[in-house]
Amino acid sequence: MSDTTEETLANLLKEDRRFEPPAELAEHANVTADAYDAAAQDRDAFWADAARRLTWAQDFTEVLDWSNPPFAQWFADGTINAAYNCVDRHVEAGKGDKVALHFVGEPVDDDPANKRSITYAQLQDMVCQAANTLGDLGVEKGDRVAIYMPMIPEAIVAMLACARIGAPHTVVFGGFSSDALASRLEDCQAKVVVTSDGGYRRGAPSSLKPAVDEARTKAADLGHTVSKVLVVRRTGQDVAWDDAVDVWWHDTVEQASTDHTPEAFPAEHPLYVMYTSGTTGKPKGILHTTGGYLTGAAYTHWAVFDLKPDSDVYWCTADIGWVTGHSYIVYGPLANGATQVLYEGTPDFPERGRWWDIVAEYGVTLFYTAPTAIRSFMKQGREIPDARDLSSLRILGSVGEPINPEAYVWYRHVIGGDRTPVVDTWWQTETGAMMISPLPGVTAGKPGSAMVPLPGISAAVVDDAGKPVGNGSGGLLVITDPWPSMLRTIWGDDDRFKETYWARFEKEGFYFAGDGAKLDDDGDLWVLGRVDDVMNVSGHRLSTTEIESALVSHPKVAEAAVVGAKDEDTGQAVCAFVILRESAVESGASDGGEDIVEELRNHVRKEIGPIAKPRQIMVVPELPKTRSGKIMRRLLRDVAENREVGDVTTLADSSVMDLISSGLSSGK
Ligand code: 6R9
């Protein structure tokens, strides 16, 4: 290894702040250190216990069948209904009056608050009604149903109604285009679409139904016919109507019987398909099945958030169009009988303190969000959260990207009042549930590290030949043994499933996650981001995350994105895009002038070493992100390499690229 690479590694691993679990939390924690030993001794028995936290119609006798890898079967002879587990069993246990969802919606014309609370008993009625209606619309066990909706309770009701009748759902994020919807409808041959006339964004209505109409036509051109569209009236806007196909929710679901008997399905019955973008080509439909998935989602939610269902109020800010919404808004928390906030909207509308007002109003104790949100709050300054009472919080979670140490410390300090553990949870659409994360009552947290695999999960960092790298080194992150919530295949494409995840380490039988990672001297794991986010500058491998963290550690920087741009001399060169903190902007550093750029280049040089010093730093007002908060570096690479900017359809806000390009061309 060259001197400079060693220097880079040493820099990341020099982070030596440690936060011990609070004594009180450790004492009453749901999961203690024994769980690691128990799982190591008998992994199958450990997962069987976790599975039996759920209610099975028929118990299973075999835990794992791995006779035909990579096609796993978990709890295969057991039968179970996911919706029954998420709703009915809590009502049967006398918790019908307990709030399942505190819905906090976008401000709507005459109702700026737009809130309602739904108990488990009410949720049961709603799910039963929707299940009856889907049946009336001809949906049978095994048929696929697409859900294209805003973040309203009916979206969750629709998902659970599908689960109840054994019809796998595919939720398509409401911000996606009709093309994206059409290709998904066609790929999974969806029979019915559940949607709404529209939704609200920043208080203004936007439409959804027209995109469904278009997608239906486009899918028909591809040879697939959608038979019915079930429409929730949300905004009241005019919509085109096709009597042969379109059905109002309020005319059907709300009139339907609240009696519905859930059928128990084999554990391996498909629960849902979630599309996620591949590095190239068409999106992959990740298939999750019922028993194993629900086991993983419920167990990890209970363990990592130390959920006490009778006293905690949980809030995950994700969208249900993302896997985090599936596992940690719908299936995990509801299977555990949690009370949670369901939030529709952006973090800063109608005003910047919105999230912290909600924490204070509902007494939120467990909070789960993405690093990108945390960094945007850092940018605004601590005065806003400081003005609210956040003392109810007891555990803070992070997901979606590596969290920079500075953002971690700010999160813990400013939001968590220096009391709360931060759980940095690494997982993927494909893994279904959290895989690598601290346990809040067991693990001392290190800012920037996801720490260790959860009990029952076996991960490793290996070199190109599949050999574990050992402490103090970096390599590729793999999962070495099957786990209950693992994806079962890519919908309709077993070959692509094998090729994408299992071919790379076929001999070893490892699942290849596509992320780079390092182990520190204690053996704790640091996720460095996608392998394709690694740059090669003059033969040195540099991770974008490391340089971004160095930039964010500068007091004037709120956010940073780094890409490797082609360079005649060095192969690739480091190009950085930075957003300055508001305090820096006020003090006049915002013009992106020579001074601040030079200051930041030298800061990176000092923090990491000369090789990492960016060739170019551009001060920008925004960064292009997907809905799940991931920076789309591909688009920034286009800018850095002076190319026309590529496909922006999966951006949360597609106008961001114009903002960046116009700022740069006007010399700002
Ligand atoms: C849940 C989710 C998966 C990819 C994953 C990795 C990145 C997620 C992370 C993290 C570092 C964490 N990622 N959590 N990287 N630390 N705590 O995000 O699923 O949308 O499929 O993305 O996200 O790169 O491979 P998904």
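The values are calculated or read from the model by the stated rules, or taken from the named source; none is laboratory data. All values reported here derive from a predicted model rather than from experimental measurement. Positions of Cβ are generated from backbone atoms using ideal geometry, with glycine treated the same way; all protein chains shown enter the neighbour counts. Just so you know, the surface numbers come from the protein's heavy atoms only, side chains and all, with ligands and any DNA or RNA stripped out. Shrake-Rupley method; radii C 1.70, N 1.55, O 1.52, S 1.80 Å.
Tell me the Kirkwood radius of the chain: reciprocal of the mean inverse pair distance over distinct alpha-carbon atoms, in Å.
25.6 Å
Of the GluC sites (Glu not before Pro) found in segment 13-74, those that fall in a DSSP loop while having at most 15 other beta-carbon atoms within 10 Å are GLU62. Using the Karplus relation 6.51 cos²θ - 1.76 cosθ + 1.60 with θ = phi - 60°, the per-residue 3J(HN,Hα) values for segment 251-264 come to 7, 10, 4, 5, 9, 6, 5, 8, 9, 7, 8, x, 8, 8 Hz, with x marking Gly and Pro.
With contacts defined as alpha carbon pairs under 8 Å and 6 or more residues apart, what's the relative contact order of segment 193-295 in percent? Relative contact order for segment 193-295 comes out at 20 percent. For LEU222, the solvent-accessible surface computed with a 1.4 Å probe is close to 100 Å², ligands and nucleic acids excluded.
A simple charge model with +1 on the Cβ of Lys and Arg, -1 on the Cβ of Asp and Glu and nothing else charged puts the dipole of the chain at about 340 debye relative to its Cα centre. Placing pseudo-labels 7 Å out from each Cα toward the beta carbon at ASP494 and GLU568 gives an inter-label distance of 5.3 nm. Computed log10 I(q)/I(0) for segment 102-255 at 0.12 Å⁻¹: -0.47, from the Debye equation with unit scatterers placed on every C-alpha and solvent omitted.
Look at the alpha carbon pairs under 8 Å that are at least 6 residues apart: their mean separation over the length of segment 308-347 gives a relative contact order of 50 percent.
Taking a point 7 Å out from the Cα of GLU254 in the direction of its Cβ, the residues of segment 98-138 whose backbone N falls within less than 14 Å of it are 126, 130.
Per the Cauchy relation, a quarter of the hull surface: what is the mean projected area of the convex hull of the alpha carbons in segment 178-246, in nm²?
The Cα convex hull of segment 178-246, projected and averaged over all directions, gives 4.5 nm².
Which of LYS115/LYS228; LYS308/LYS379; LYS556/LYS625; LYS379/LYS606; LYS467/LYS498 have a Cα-Cα distance over 27 Å? Those over the limit are LYS115/LYS228; LYS308/LYS379. Looking at the chain alone, DSSP beta bridges between its own residues are antiparallel in about 60 percent of cases.
Dipole check for segment 241-392: with +1 at the C-beta of Lys and Arg, -1 at the C-beta of Asp and Glu, and the Cα centre as origin, the magnitude is about 940 Debye. Angle of helix 656-665 to the longest C-alpha principal axis of the chain, folded into 0 to 90 degrees and rounded to 10: 20°.
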